[in-house]
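Remarks on the structure that follows.
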Amino acid sequence: MKKLGLMLLVLMMLAGCQSQKNDETGKLKVMTSFYPLYDFAQKVGGDKVAVENIIEGGEAHGYEPSANDIIRIQESDVFIMNGAGFEGWAPKTLKSVKNDKLKIVDTSQGVTLHEGHDHDHDDHDHEEHHHGEYDPHIWMNPMNAYQQMKNIKDAFVEVDPENKDYYEENFKRYGAEFESLSNDFENKLRNVKNKEVVVDHTAYGYMLEPYGIEQVAIAGSLLSSEPTAKQVDESIQYIKNQNIKAIYMESLSNDKLLQTISKETGVKILKLNTLESLSKQDLENGNDYFKVMNENLESLVEGLSL
């Protein structure tokens, strides 16, 4: 309670610090809730915006904002969120923000949402992230991401109408990239041999379901940093019994365990990136939404062709 009271006191002191463009740079001050929106905002806003991301290379699931994060949101012109229940912390946090001019952008607007559900194998415990009524991973479909970028562009135009043509031109250019990416997914996944993808995180429904591909979550033992021998054995038997050819992991950090399972079963371990956060090294290597999604597509084609 003391911590909450101190946080609210700080916010009250800053209530008069409302921003409409940074006085020094003339740029819109933009805050995003996680990586894809950070990337989209930078692409649309270009040199007319100063974009900061709340979560830098960390875990988006279960995130709780700090007092400093709330201050950063309050001092912004635009706050961009995914919506669809992804930011469980947002409703309470935004009520604490004292900036009547802050433009809040829910980028899920205009996107057809899927019901939230998990595809888990009954005999395995699985650490899955539950968000509520809807599946929030909308950005995993290129045309949904296109709509999210459009929502961001529209917000920038509303807040900064003098640069409307600039934002519109950027959106037009990247909109063509989304369409090209979507066409690549259509051409390469529509007629794949297998129609089931075994994953460690059911975040890929929007990406797979348009092509009749189902995602099925496998055992939590593959996710555990220190699985028991029994858990590993159960996973190996399940893979063999189900004749699974490939497993898609969000992270390949537990490399020794994955190599053991692959050796025992012949299963191919491949990576799918949810883009929920990119490391500093990823960004320095030039990775962005389009590059990572193309890598995801190549990985899917490889596994579904086995």
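Read-outs: derived from the displayed coordinates by stated rules, not from any lab. Bear in mind the structure is a predicted one, so any value in this text is a computation, not a measurement. Neighbour counts run over all protein chains shown; Cβ positions are idealised from the backbone, glycine included.
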> Once phi is turned into θ = phi - 60°, what whole-Hz ³J(HN,Hα) does the Karplus curve with 6.51, -1.76 and 1.60 give for every residue of region 204-213, x standing for Gly and Pro?
Replying inline: 10, x, 5, 7, 9, 4, x, 10, x, 9
> Out of region 149-202, which trypsin sites (Lys or Arg not before Pro) are coil in DSSP terms and have no more than 16 other C-beta atoms within 10 Å?
Replying inline: Arg190, Lys193, Lys195
> In a Debye calculation with equal point scatterers on the alpha-carbon sites of region 193-304 and no solvent, what is log10 I(q)/I(0) at q = 0.18, 0.23 Å⁻¹?
Replying inline: -0.94, -1.36
> How far apart, in nm, are two points set 7 Å out from the Cα along the Cα-to-Cβ line at Gln242 and at Ile104?
Replying inline: 3.9
> Residue by residue, what Karplus-based ³J(HN,Hα) values in Hz, rounded to whole numbers, does region 295-305 have, using 6.51, -1.76 and 1.60 with θ = phi - 60° and x for Gly and Pro?
Replying inline: 5, 4, 4, 4, 5, 5, 4, 4, x, 7, 9
>> How many angstrom lie between the Cα centre of region 279-298 and the Cα centre of region 153-187?
In response: 19
